[in-house]
1. Just one of (1) within 12 Å of the ligand (Cβ to nearest atom); (2) under 30 Å from Glu213 (Cβ atoms) trips up Arg326, so point out which.
2. From the set of residues in region 239-251 that are among the charged types (D, E, K, R), open to solvent by 80 Å² or more (accessible area, probe 1.4 Å) and in a helix (DSSP H, G or I), which is nearest to Gly394 (Cα to Cα)?
3. One residue is enough: does region 313-328 have a residue meeting the conditions farther than 22 Å from Lys418 by Cβ, more than 41 Å from the chain's Cα centre (by Cα), modelled with pLDDT of 95 or more and not in a loop (DSSP other than H, G, I, E, B)?
4. Give Val396, Val332, Val350 a once-over and let me know the one that is under 41 Å from the mean Cα position of the chain (by Cα) and more than 8 Å from the ligand (Cβ to nearest atom).
5. Would you point out the residue of region 89-113, among those that are assigned to a strand (DSSP E or B) and farther than 14 Å from Phe52 by Cβ, that is least open to solvent (accessible area, probe 1.4 Å)?
6. What number of residues in region 243-259 are of a type outside the set (Asp, Glu) and touching a Ser or Thr at 6+ places or on another chain (Cβ under 9 Å)?
7. Look at region 407-432 and say how many of its residues are in a strand (DSSP E or B), within 22 Å of Tyr341 (Cα to Cα) and open to solvent by 50 Å² or more (accessible area, probe 1.4 Å).
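The values are calculated or read from the model by the stated rules, or taken from the named source; none is laboratory data. Computed from a predicted model, the values in this text were never measured in an experiment. We place every Cβ from the backbone using ideal geometry, glycine too, and count neighbours over all the protein chains shown. The protein model used for the area step is the full one, side chains on, heavy atoms only, and it has no ligands, DNA or RNA in it. Shrake-Rupley method; radii C 1.70, N 1.55, O 1.52, S 1.80 Å.
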Amino acid sequence: MFNKTIFGKQQFKFMLLNLLAFTVIFTIFSFIIFGQVQNTLYSHADEELKLFKEKLTDDVNVGTDMRPQPGKGNQDPPLTDQNRNNPNPRIVVIHWDEAGNMVNEGDMGSLFYDNYLSDYQLDKTKIDEITMTSIDELYHFRYLLFENPNNQDGVAYTQLLINVDAEQIIIANFVKLVTICSVIFIILSISASFLLSKKMMKPIIQSWNKQAEFVENASHELRTPLTIIQNKLELLLRAPQERIADKFENIALSLSETRRLSKLTSDLLTLARADSAETELIFNTFEFDEFVQKVCAPYQEIAESQQKHLWLNLNCLVSITADETRLHQLFVILLDNALKYTGDNDSIGVKTYIEDHRVVIEVSDTGIGIKEENMQYIFERFYREDRARSRETGGVGLGLSIAQWIVEKHRGAIKVTKNENKGTNFIIKLPK
Ligand code: ADP
């Protein structure tokens, strides 16, 4: 229940974070695209204004006064006059005097002037800068206002206006489209964030459960020997006058449980460090078969003393780059197990060879074997096929987990198969 609330809260946090990330990305993209569309649309109109200004100033410089002659505008049809002088019919030209009065109102056409420009005022704040303006809030223009340096014929300022209503409609439609897309995007990103946060929580929940199970198993394994040692010591304490020789059994059992405890804590530490990726391997290069021979030598003696036979078949006369100490630990785990799970007259074999540029090690025995259906579990932490026997053999089910970690750290693979006739065969493949 407690875990569920924590996981639920965490999932909600992940979901909000995902949603925030999606929204920020979408907003940035929308602004970039919007800015780009607006710029592209206006840049054409702005270009026309600049070209028109250039043409106008060039014409003035070569002596063609583009300004309609005062009084003449009233006689000539205004639009025709403007068309004749105006190289771009999209552009409206307004000439202003120093006081801000329109000089060429007669050229506008009375209908156009009366309807749109009669109330239009000169705004001198934006000179030589293309700016947006609107007339009656209905008609939108880009304009370029520039000074007439010679103040020729009383014209102090010239203002060029170009209508951008079509562009405005496109932009308004684009804003509508972006708004609709945003709503769809928000709905989609809520669902995507929910699914993603659920996916993100899955490994967290799995490792939490694994960790909880690990702690539970470890506590259980630690408690058993501790209880035995405590009981034995209490027994000894109740009879202080007795001689050590009389209590030999109690002391020996306590000692064996202490050893078991010490092995268990060291295995737990190895796995805890492996989990936190704290342990780095120390690689060096060494002759492989020579190394295997050295590791197996004491086990051959132990095997002989237990009426078992340990044979070697080494065909790997190459150097290998690996962590020697960890590989030694791997062999100890496999050979210890082989000795633990074999009986009198059984044999244990260690075979090495090269296959597909990889070093292969096979540790086989003719012991009790592992049931086919249990083979998939034996690398799991604390897994033991026969829990009742484990006190006898001294195992807690951590050895093969450590073996698997060592092999994987070397980028190798480990698997277990049935030995041909009887027993178990562990096959390890390591890169050279
Ligand atoms: P343990 O310390 O109990 O041996 P391991 O992780 O080394 O723990 O092994 C897990 C289990 O796999 C053992 O409890 C045993 O049931 C089985 N097992 C491992 N090696 C052998 C083997 N050579 N023969 C038979 N069973 C084995």
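1. Condition not satisfied by Arg326: (1).
2. Glu249
3. yes
4. Every option except Val332 fails the conditions.
5. Among residues in region 89-113 that are assigned to a strand (DSSP E or B) and farther than 14 Å from Phe52 by Cβ, the one least open to solvent (accessible area, probe 1.4 Å) is Trp96.
6. Residues meeting the conditions: 0.
7. 2
One line per residue, one yes/no per condition, for (1) surrounded by fewer than 15 Cβ atoms within 10 Å (Cβ to Cβ); (2) farther than 22 Å from Ser276 by Cα; (3) in contact (Cβ under 8 Å) with a residue 12 or more places away in the chain:
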| site | (1), (2), (3) |
| --- | --- |
| Ile180 | yes, yes, no |
| Leu188 | yes, yes, no |
| Ser191 | yes, yes, no |
| Phe214 | no, no, yes |
| Thr227 | yes, yes, no |
| Leu237 | yes, yes, no |
| Thr258 | yes, yes, yes |
